[in-house]
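Engineer: If you scroll down you'll find the structure; I have some questions about it.
The values are calculated or read from the model by the stated rules, or taken from the named source; none is laboratory data. Please read these numbers as outputs of a predicted model, since none were measured by experiment. Note that each Cβ is placed from the backbone with ideal geometry, even for glycine, and that neighbours are counted across all protein chains shown. Accessible surface is based on the protein model in full, side chains and every heavy atom, while ligands, DNA and RNA are left aside. Shrake-Rupley method; radii C 1.70, N 1.55, O 1.52, S 1.80 Å.
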Amino acid sequence: MNKILILLSITFLAGCQINILEYENQIISDAQQYQAKISRDIWGVPHISGTRDADVAFGLAFAHAEDDIKNIAENMYLYRAQMGLKDGSSGAVIDYLIKALKIRERVEEQYQEVLSDDVRSVLEAYATGLNYWMVKNPNNSFKKHFPFTAKDIVAGFAIQNLLFSGVVSSIQSLEKLEDSSEQSFSNLYEKDDLVTGSNAYAISPSKSSDGSTRLMINSHQPLEGPLAWYEAHIKSEEGLNMMGGLFPGSPFIFVGFNENLGWGFTVNKPDLTDIYKLVINPNDKDQYLLDDVWLNLEKETIELPVKIFGPINWTVKREVKYSKHGPVLEIGEKSYALRFAGMEDIKQVEQWYKLNKANNLQEWINAMRMRSIISFNGIYADKKGNIYFLHNSSSPKRLEGLDWSGIVDGTRSKYIWETFVEFDEIPQILNPSSGWLASTNQDPFKVTDPKDNLKKENYSQTLGLQTRMTNRAYRIKELFMGKDQITEKDFDDFKFDNSYSIDSRSYKYVSEIFGLNFENENLKKGQTILKNWDLKTDFDNESATLGVCVLSPEWLAEQAAETPPESEESFKTCVEDTLKNYGKLNPKWSERNFMYRGKKKIPVQGGPDVLRAIYGLEQEDGDLKAVGGDGLYIHVSWDKEGNQESKSIHQYGSATQDESSSHFSDQLELYIDEKYKPTFYKDAALKRNVKKEYTVPFKSSL
């Protein structure tokens, strides 16, 4: 019997080996239809070129896999609704939402129908590039995620709408309201709570001291993980020539520039989600009331694979119900229906492709008119001197006169919206007379000089546009309005400004301490330190440690839409903790705020919600480790003759995962010193600064 089992095992394994070999041969064969040149510059940044857009996508996938296959591969847990296999029951809750929304089913049904041939060819080339990397690196640790498919990539982009629609935060607020003890919806991405804000600003020739048009691209993301920036340059003979930042798993540049134009995006928070309260039939829990008629809820069963422990998994079956509003959530004893912008849209990939191919203002605006990228503020600039602000939002066309900010009555069909407001009905400004525009996650009616700002009363209240003002918004306004003309140095200095404004919520919160009476000597000393603070977060600042500590609870509460603790409470806690960790109340900011990379630990200027944005996580010794904020940022300009210059920096380097690589942290010192490196975007500059060059697929493949 044992001999028979051994023989059967050998036969089975031999069969598997044959299948694997056939599969690998098929990938190698598929790869032969593409050809891309990967030129890595002296900083390791890949510049990928090819005849077709598809060739470039193939090469980009291979190059990015070389630098960060870990995050690309592990994104597949999310894209395939398998987070339960990664994180257990907490991950399965997100899987439930993805499957309830039928995202993968929509991709399967619509892939051929709604996506153009050009986009599908790019997506399929990108997936082939990832699979080719796997075949050429057979000892990698992520083979269980292969093969990648183009539909995986489309699903990933569709799932992003969950992150930026506000739907998850709306559900979490609902759970808090109902005091639900059930499993809460966890983060879609690891560290997605660090997607705290961004900066983008531009000046036109009228504001520039030398007649240049300038653009600063500075999106704030986690410094590591699946939402950390990766820099690349993609160029084809079909008109693609983009350089900038992208996330693991993307064939497209998200923020960046070509020879004619550039743009940055910042997070905005329009109201894109509605939660409807349903009335359930007391005699039939599978019926709900709509327009005075009891309707049957549609029901389906979904399967959720969940990790139990170690390699042991279990598949849990759950019932999903649907009303005409959307999927139904049963929280406590109540039922709610969910509806949000983009919930049935898989065309985000199409819009990113069009943005990457745009070569003038009208083409860029036409791409944004698609509305498949459901949110983000955009700051645009081009070689013709145009600057443009767009408060992009795929805002639902809702019934006027109703308060849509809370729970919506689910018993009336007239509240179930089907379309979006017109593109021309959302806030946007082209070429203001002030000559400057800035987006720092603030009120869209305060993005330039007051004389040029839009008026809120001209826009529908149903848009649910945010009215918050960040410290960064106050500071960039003060800086731009403080100078008639802006030099290149000024423009860069604004980026690295590390101050809090006296108009900011942060300062007002801290200043509440000034008028309090304390008997404790340490509290008196702390109060004096705060009063003497110049509101900067530079290296030698002896008030920043205590000041940032005090203001942080208010900032975190505002981010979570919660009430902050009393400032006195925060102050007393910070005095105690600072003394405990540093033995004094006035350690220099350079003793508290650090960048960590491998074995390196280096002080860094900046702090939360300053233009030099550094978001730190407190370590056991009390020091702050930067985990979010300034990552990749880019300064691109066109002089009055249209000649372009560009420079950039990444917080670490192009080798995201490989600690043995010279590019694991080779940009860190420049980042700390608030300097840039050249992008080598132009062919002549790249040719002089190529460190390594190779063509994929490799000639030895056949």
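Engineer: Of the conditions (1) charged (D, E, K, R); (2) modelled with pLDDT under 95; (3) part of a strand (DSSP E or B), D286 satisfies every one except a single condition; which number is it?
Structural biologist: Single failed check for D286: (2).
Engineer: Take the residues of the stretch 353-384 that are open to solvent by 10 Å² or more (accessible area, probe 1.4 Å) and outside any helix (DSSP H, G or I): which is farthest from V154 (Cα to Cα)?
Structural biologist: At the first step, the residues of the stretch 353-384 found to be open to solvent by 10 Å² or more (accessible area, probe 1.4 Å) are 353-354, 357, 359-363, 365-366, 369-371, 376, 383-384.
Still in the running and outside any helix (DSSP H, G or I): 359-360, 369-371, 376, 383-384.
Values: N359: 24, N360: 26, R369: 20, M370: 16, R371: 16, F376: 19, K383: 32, K384: 34 Å.
Among residues in the stretch 353-384 that are open to solvent by 10 Å² or more (accessible area, probe 1.4 Å) and outside any helix (DSSP H, G or I), the one farthest from V154 (Cα to Cα) is K384.
Engineer: Follow-up question, since we're still on this one. Given the options G166, G211, G239, name the one that is at pLDDT below 95, open to solvent by 10 Å² or more (accessible area, probe 1.4 Å) and not polar (S, T, N, Q).
Structural biologist: Numbers: G211 fails: at pLDDT below 95; G239 fails: at pLDDT below 95.
Checking each option against the conditions leaves just G166.
Engineer: So is D409 open to solvent by 20 Å² or more (accessible area, probe 1.4 Å), without any contact (Cβ under 8 Å) to a residue 12 or more places away in the chain, over 24 Å from the mean Cα position of the chain (by Cα) and over 30 Å from I217 (Cα atoms) or not? So that I can check it myself, show each step before the final result.
Structural biologist: Values: open to solvent by 20 Å² or more (accessible area, probe 1.4 Å): yes; without any contact (Cβ under 8 Å) to a residue 12 or more places away in the chain: no; over 24 Å from the mean Cα position of the chain (by Cα): yes; over 30 Å from I217 (Cα atoms): yes.
Considered against the rule, which asks whether it is open to solvent by 20 Å² or more (accessible area, probe 1.4 Å), without any contact (Cβ under 8 Å) to a residue 12 or more places away in the chain, over 24 Å from the mean Cα position of the chain (by Cα) and over 30 Å from I217 (Cα atoms), D409 comes out as no.
Engineer: With respect to F185, is the statement that it is at pLDDT below 95 and under 23 Å from the mean Cα position of the chain (by Cα) true?
Structural biologist: In short, yes.
Engineer: List every residue pair whose Cβ atoms lie under 7 Å apart, where the two residues are 6 or more positions apart in sequence or sit on different chains, the first residue falls within the stretch 233-251 and is of a type in the set (S, T, N, Q), and the second residue, located anywhere, is outside any strand (DSSP E or B).
Structural biologist: Listed by first residue and then by second, the contacts come to S236/T51; S236/R52; S236/D53; S236/D55; S236/V56; N241/N258; N241/E259.
Engineer: If you scan the stretch 538-554, which residues turn out to be open to solvent by 10 Å² or more (accessible area, probe 1.4 Å) and closer than 15 Å to D609 by Cα?
Structural biologist: Going through the stretch 538-554, the residues open to solvent by 10 Å² or more (accessible area, probe 1.4 Å) turn out to be 538-543, 549, 552-554.
Within the stretch 538-554, D538, C549, S552, P553, E554 qualify.
Engineer: Could you check the stretch 560-605 and list, in sequence order, the residues that are within 17 Å of A544 (Cα to Cα), assigned to a loop (DSSP other than H, G, I, E, B) and charged (D, E, K, R)?
Structural biologist: The answer is K584, K588, R592.
Engineer: If you don't mind, there's one more thing I want to ask. Which condition does A557 not pass, out of (1) open to solvent by 50 Å² or more (accessible area, probe 1.4 Å); (2) in a helix (DSSP H, G or I); (3) modelled with pLDDT under 95, if it passes all the others?
Structural biologist: (1)
Engineer: Do we have D87 as touching a residue at least 12 places away in the same chain (Cβ under 8 Å), over 23 Å from the mean Cα position of the chain (by Cα) and more than 28 Å from D117 (Cα to Cα) here? Let's see the steps before the verdict.
Structural biologist: Details: touching a residue at least 12 places away in the same chain (Cβ under 8 Å): yes; over 23 Å from the mean Cα position of the chain (by Cα): no; more than 28 Å from D117 (Cα to Cα): yes.
Against the criterion (touching a residue at least 12 places away in the same chain (Cβ under 8 Å), over 23 Å from the mean Cα position of the chain (by Cα) and more than 28 Å from D117 (Cα to Cα)), D87 does not qualify.
Engineer: Now for a separate question. If you go through the stretch 474-483 one residue at a time, how many are assigned to a helix (DSSP H, G or I) and surrounded by fewer than 24 Cβ atoms within 10 Å (Cβ to Cβ)?
Structural biologist: Within the stretch 474-483, residues that are assigned to a helix (DSSP H, G or I) and surrounded by fewer than 24 Cβ atoms within 10 Å (Cβ to Cβ) number 6.
Engineer: Just to verify a result, which residue in the stretch 674-700, among those that are part of a loop (DSSP other than H, G, I, E, B) and under 25 Å from the mean Cα position of the chain (by Cα), is surrounded by the fewest Cβ atoms within 10 Å (Cβ to Cβ)? I'd like the intermediate steps shown before the answer.
Structural biologist: So in the stretch 674-700, the residues part of a loop (DSSP other than H, G, I, E, B) come out as 674-676, 679-682, 689, 697-698.
Subsequent filtering for residues that are under 25 Å from the mean Cα position of the chain (by Cα) retains 674-676, 679, 681.
Working: E674: 17, K675: 13, Y676: 18, T679: 26, Y681: 25.
So the residue we want is K675.
Engineer: Only one of (1) over 28 Å from W314 (Cα atoms); (2) at pLDDT below 95 is not met by S90, so which one is it?
Structural biologist: If we test S90 against (1) over 28 Å from W314 (Cα atoms); (2) at pLDDT below 95, just (1) comes out false.
Engineer: Yes or no: the stretch 304-313 includes at least one residue that is without any contact (Cβ under 8 Å) to a residue 40 or more places away in the chain, more than 29 Å from I407 (Cα to Cα), assigned to a strand (DSSP E or B) and under 25 Å from the mean Cα position of the chain (by Cα).
Structural biologist: Filtering the stretch 304-313 down to residues without any contact (Cβ under 8 Å) to a residue 40 or more places away in the chain leaves 309-312.
Next cut, more than 29 Å from I407 (Cα to Cα) only: 309-312.
Then keep just the ones that are assigned to a strand (DSSP E or B); that gives 309, 312.
Then drop every residue that is not under 25 Å from the mean Cα position of the chain (by Cα), which leaves none.
The answer is no; no qualifying residue exists.
Engineer: Tell me whether the stretch 334-352 contains one or more residues that are at pLDDT 95 or above, open to solvent by 10 Å² or more (accessible area, probe 1.4 Å), among the basic types (K, R) and part of a loop (DSSP other than H, G, I, E, B).
Structural biologist: yes
Engineer: When you scan the stretch 50-63, do you find a residue that is closer than 30 Å to S662 by Cβ, β-branched (V, I, T) and touching a strand residue (DSSP E or B) at 6+ places or on another chain (Cβ under 6 Å), even just one?
Structural biologist: First, pick out the residues of the stretch 50-63 that are closer than 30 Å to S662 by Cβ: 50, 55-63.
From what's left, β-branched (V, I, T): 56.
Within this subset, residues satisfying the condition of being touching a strand residue (DSSP E or B) at 6+ places or on another chain (Cβ under 6 Å) are 56.
Within the stretch 50-63 (the criterion being closer than 30 Å to S662 by Cβ, β-branched (V, I, T) and touching a strand residue (DSSP E or B) at 6+ places or on another chain (Cβ under 6 Å)), the answer is yes, since at least one residue qualifies.
Engineer: I need every pair where a residue in the stretch 263-274 that is within 16 Å of D403 (Cβ to Cβ) has its Cβ under 6 Å from the Cβ of a residue that is β-branched (V, I, T) and part of a strand (DSSP E or B), sequence separation at least 6 or different chains.
Structural biologist: D274/V408
Engineer: What number of residues within the stretch 484-523 satisfy the criterion of being among the hydrophobic types (A, V, I, L, M, F, W, C) and part of a loop (DSSP other than H, G, I, E, B)? Give the steps one after another, and end with the answer.
Structural biologist: Kept after step one, since they are among the hydrophobic types (A, V, I, L, M, F, W, C), are these residues of the stretch 484-523: 486, 491, 494, 496, 502, 510, 513-514, 516, 518, 523.
Pick out the ones that are also part of a loop (DSSP other than H, G, I, E, B) and you get 496, 502, 513-514, 516, 518.
Within the stretch 484-523, residues that are among the hydrophobic types (A, V, I, L, M, F, W, C) and part of a loop (DSSP other than H, G, I, E, B) number 6.
Engineer: In addition: Which pairs have Cβ atoms under 6 Å, sit 6 or more apart or on different chains, and link a residue in the stretch 597-622 that is on the phi > 0 side of the Ramachandran plot and of a type outside the set (A, V, I, L, M, F, W, C) to one that is open to solvent by 40 Å² or more (accessible area, probe 1.4 Å) and modelled with pLDDT under 95?
Structural biologist: What qualifies is G598/E659.
Engineer: May I ask you to list the residues in the stretch 499-535 that are closer than 19 Å to A473 by Cβ, open to solvent by less than 20 Å² (accessible area, probe 1.4 Å) and of a type outside the set (F, W, Y)?
Structural biologist: Scanning the stretch 499-535 gives S499, S501, S504, S506, V510, L535.
Engineer: Something else about it: Restricting to the stretch 256-269, and then to whatever is of a type outside the set (D, E) and open to solvent by 10 Å² or more (accessible area, probe 1.4 Å), can you tell me which residue is modelled with the lowest pLDDT?
Structural biologist: K269
Engineer: Out of A73, A92, A125, which single residue is farther than 30 Å from Q32 by Cβ and crowded, with 18+ Cβ neighbours inside 10 Å?
Structural biologist: On the way: A73 fails: farther than 30 Å from Q32 by Cβ; A125 fails: farther than 30 Å from Q32 by Cβ.
Of the residues listed, the single one that is farther than 30 Å from Q32 by Cβ and crowded, with 18+ Cβ neighbours inside 10 Å is A92.
Engineer: Scan the stretch 438-463 residue by residue and report those that are buried (at least 21 other Cβ atoms within 10 Å of the Cβ) and under 22 Å from E422 (Cβ atoms). I'd like the intermediate steps shown before the answer.
Structural biologist: At the first step, the residues of the stretch 438-463 found to be buried (at least 21 other Cβ atoms within 10 Å of the Cβ) are 438-442, 444, 447-448, 463.
Of everything in the stretch 438-463, those that are buried (at least 21 other Cβ atoms within 10 Å of the Cβ) and under 22 Å from E422 (Cβ atoms) turn out to be S439, P444, V447, L463.
Engineer: Looking only at the stretch 628-672, which residues are small (G, A, S), surrounded by 16 or more Cβ atoms within 10 Å (Cβ to Cβ), over 18 Å from E66 (Cβ atoms) and over 22 Å from the mean Cα position of the chain (by Cα)? Walk me through how you get there before you give the answer.
Structural biologist: First pass over the stretch 628-672, keeping only residues small (G, A, S): 628-629, 631, 637, 642, 646, 648, 653-655, 660-662, 665.
Right, trim to surrounded by 16 or more Cβ atoms within 10 Å (Cβ to Cβ) and you get 628-629, 631, 637, 646, 648, 653-655, 661, 665.
Among the residues that remain, those that are also over 18 Å from E66 (Cβ atoms) are: 628-629, 631, 637, 646, 648.
Once the filter is applied, which keeps residues that are small (G, A, S), surrounded by 16 or more Cβ atoms within 10 Å (Cβ to Cβ), over 18 Å from E66 (Cβ atoms) and over 22 Å from the mean Cα position of the chain (by Cα), the stretch 628-672 yields S637, S646.
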